[in-house]
Amino acid sequence: MSDPVFECRSASVTLSLSGGARPIISDINLDIQQAEFLSIVGPSGTGKTTLLRMLGGLLHPTSGEVRVNGAILTGPPEGVVIVFQDYANALLQWRTVAANVAFGIERKLPAKECTDRVNAALDLVGLSRRAEDYPWQLSGGMQQRVQIARALALRPAVMLMDEPFAALDAMTKAGLQDELLRLRDQTRTSFVFITHDIEEAVYLGDRVAVLKGSPGRIEDIVKIELPSLRDQISTRQMPEFLAYRYGLHKAIGHG
Amino acid sequence: MSQRLPKFPFLGRLLMQLPSPLGVLPLIAVLIVWQILQKGNSPYFPPPSAWWSGIVQSAATGKLLPACLASLQTILVGMVLATAAGVMLGVLIGLSRRTARALGPLLEFCRAMPPPAIVPLAILFLGYDERMKLTIVVISAMWPILLNTASAIQRIHPILLDVATSFHLSFYERIRFVAIPSVMPSILLGVRIALPLTIVLTLLVEILTSIEGVGALMITAQRNFQSGQLYGLLVLVGLFGFFLNTVFSMIQAIILRRWPPRSIPA
Ligand SMILES: Nc1ncnc2c1ncn2[C@@H]1O[C@H](COP(=O)(O)OP(=O)(O)O)[C@@H](O)[C@H]1O
Ligand SMILES: [Mg+2]
């Protein structure tokens, strides 16, 4: 196997808050390979978002280290993009949908290529017809798709996604899940995908990491050995799928 | 939840900025009554017809138009400079707590200074001219813009700043593409508060120093006991303010069309 894209070596984050220092995540050991889809599940408040912000270079580990392509992380790495959980605040509300999607590339690419990429990304998330609207005129699910399109337009090597589908209806969600898997196969993008939906974690993931406790630690990493071509209906009915689901529910502590 | 772009409502919103013609009726009524009741030529309460003749007289000497233009120029240029200074300082203060702390006492001190009090000092440094007029207007009118901008910058959602960091924006790009646009409604609110202030200060400085402008005409009229002309100039100034305010409201409505209606401070 080639070198991992991301490596965490006993990385911890401690925040100094008004009530004193507070460990949020602790002793995180994690490798992420190229073209790998890593799901992370865990109860809310265990530090999933904090972990993702650390990988995205927005937060420095207070101890341990994080490496991207072998180099120690010092800030947001090139080719890594975050899709934030809080889509309403992550979008530039005064820009049209198209201009939001262009935000990550407009300063780097010629106008023509920029437009092409924006159109392609909007097409992928099914928002071509809303390109000239403003985010505040869209539903929550649509706004989140704008944010996903903005990340895709960058053609990143790694996508860090924080509960990206929580605001979507089941149909749209299923479509976008398959779109992400297809993208991974086509572009060899790596995904770190946080979700509270265990089924979603198993359906998408090559591996599922369970984050638990306070401070949050990686309790377990489960390798998902399902056929790599996933199908919304048949995959979800396989006995193995159900077994993974059951095991993860137990690991999180849902009885 | 999903809402189509309002096309007609926008035109409606623009027209709403225009004052209702009905609102002027009471004013007209008062003026008519005044005209009818005021028979003799009172030096304190001259009838509206005397206001008009006063203005015509002033126009005939060829002093009115240049004075109006001079005042208007100070107001507009002052507005532009006050906005530029207020936004720039507001952004710097809002973005960095260290700058805010370092400049805080100085700014509080300057803000507490009543504008008329700095007129003598400004004359000392700059002499009796347009630059002095502008300096006083800009220094005094930039506060509402500065304070509105700074506090709105401090309230920018941290996630939005994370987005800027994550997309590798430089310091300048953060300000230009994220910070300033996201606080645009507050900046415009500040400008809106500053506009009448600019008018008041322009006239005040003209009255105090007799530098060319409508204010200087007013003080001259008062000294010459031309009360009709004084009232006429007062009405003119009122119309000035009214007109500028309406134009600005329209510009504001056009710019803010792109911002979420919720985010626009009243
Ligand atoms: N900036 C912060 N200030 C105070 N507490 C924080 C901050 N960021 C995270 N936390 C705390 O850290 C814990 C983990 O937060 P988070 O990473 O958002 O968890 P998750 O995404 O798994 O719900 C929470 O208990 C939260 O209260
Ligand atoms: Mg979270």
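Given the protein chains as shown and a 1.4 Å probe, how many square angstrom of A:K112 are accessible, to the nearest 10?
Here the residue's solvent-accessible area equals roughly 140 Å².
Set the Förster radius R0 to 25 Å, insert the Cβ-Cβ distance between A:Q33 and A:T74 as r into 1/(1 + (r/R0)^6), and round the FRET efficiency to 0.05.
Efficiency at R0 = 25 Å is approximately 0.65.
Shape of the range B:55-258 from its Cα gyration tensor (a ≥ b ≥ c, root eigenvalues): rounded if a/c is under 1.5, otherwise prolate when a/b > b/c, or oblate?
Prolate shape, in that a/c is at least 1.5 and a/b is the bigger ratio.
Once you order the gyration tensor axes a ≥ b ≥ c over the Cα atoms, which shape class does the range A:14-132 get: rounded for a/c under 1.5, otherwise prolate or oblate by comparing a/b with b/c?
Prolate is the answer for the range A:14-132, as a/c is 1.5 or above and a/b outweighs b/c.
Only helices at least 27 Å long along their axis, Cα-based, and averaging 0.0 or more on Kyte-Doolittle count here, so list those DSSP H runs from chain B.
B:64-95, B:130-154, B:184-209, B:227-255
Ordering B:M16, B:M184, B:M142 from largest to smallest accessible area (1.4 angstrom probe), what's the sequence?
Correct descending sequence by accessible area is B:M16, B:M184, B:M142.
Could I have the simple spin-label model distance between B:N245 and B:C110, label points 7 Å from Cα toward Cβ, reported in nm to one decimal?
2.8
If a paramagnetic tag sat 7 Å from the Cα of B:A117 along the Cα-Cβ line, which residues of the range B:139-172 would have the backbone N under 19 Å from that point?
Correct set: B:139-144.
With label points built 7 Å along Cα→Cβ from the Cα atoms of A:H254 and A:H196, find their separation and express it in nm.
Distance between label points: 1.1 nm.
Heavy atoms of the protein only, probe of 1.4 Å, neighbouring chains included. What is the accessible area of B:D162 in Å², nearest 10?
B:D162 has an accessible surface of roughly 20 Å² with all protein chains in place.
So if the hydrodynamic radius of the range B:16-156 is defined as the Kirkwood radius over C-alpha pairs, what does Stokes-Einstein give as its diffusion coefficient at 20 °C and 1.002 mPa s, in µm² per second?
112
Each label point is 7 Å from the Cα along the Cα-to-Cβ direction; what then is the distance between the points at A:E106 and A:K223, in nm?
4.6
What FRET efficiency, computed as 1/(1 + (r/R0)^6) with R0 = 45 Å and r the Cβ-Cβ distance, is obtained for A:H60 and B:V77, rounded to the nearest 0.05?
0.40
In Å², what does the accessible area per residue of chain A work out to with a 1.4 Å probe?
42
Given a Förster radius of 60 Å and the C-beta distance between A:D169 and B:Q222 as r, what FRET efficiency does 1/(1 + (r/R0)^6) yield to the nearest 0.05?
Calculated value: 0.25.
Report Rg (one decimal) and Dmax (nearest whole number) for the range A:88-155, counting Cα atoms only, units Å.
Taking only Cα atoms of the range A:88-155, I get Rg and Dmax of 10.5, 31 Å.
Viscosity 1.567 mPa s, temperature 4 °C: what is the translational diffusion coefficient of the protein assembly as shown from Stokes-Einstein with a Kirkwood Rh over Cα pairs, rounded to a whole number of µm²/s?
Here the translational diffusion coefficient equals 47 µm²/s.
Could you order A:C114, B:C110 so the one with the most accessible surface comes first? Probe is 1.4 Å.
B:C110, A:C114
Any idea what the relative contact order of the range B:55-258 is, in percent, if you count C-alpha pairs under 8 Å spaced at least 6 apart?
Relative contact order for the range B:55-258 comes out at 28 percent.
Loop only per DSSP, at most 13 neighbouring Cβ atoms within 10 Å: give me the GluC sites (Glu not before Pro) in the range A:96-134, ordered by residue number.
A:E132
What share of Cα pairs, in percent, lie more than 18 angstrom apart in the range B:126-233?
Summing the P(r) tail past 18 Å for the range B:126-233 gives 63 percent.
Of A:K48/A:K112; A:K108/A:K212; A:K173/A:K223; A:K48/A:K173, which ones are farther than 28 Å apart at the Cα?
Listed pairs above 28 Å: A:K48/A:K112; A:K108/A:K212.
Report the B-A buried area as the accessible area lost on both sides summed, probe 1.4 Å, in Å² to the nearest 100.
Its buried surface, counting both partners, is about 2600 Å².
If ligands, DNA and RNA are left out, what is the accessible area of A:H60 with a 1.4 Å probe, given in Å² to the nearest 10?
For A:H60, the solvent-accessible surface is approximately 110 Å².
Do the sum for the protein assembly as shown: with -39,500 (n - 2.57) for every DSSP H run of n ≥ 4, divided by all residues, what is the mean residue ellipticity at 222 nm, to the nearest 500 deg cm²/dmol?
Computed mean residue ellipticity for the protein assembly as shown: -17500 deg cm²/dmol.
The values are calculated or read from the model by the stated rules, or taken from the named source; none is laboratory data. All of these numbers come straight from a predicted model, not from anything done at the bench. Note that we place each Cβ from the backbone using ideal geometry, even for glycine, and neighbour counts take in every protein chain shown. Note: accessible area is taken over every heavy atom of the protein model, side chains too, but ligands, DNA and RNA are not part of it. Shrake-Rupley method; radii C 1.70, N 1.55, O 1.52, S 1.80 Å.
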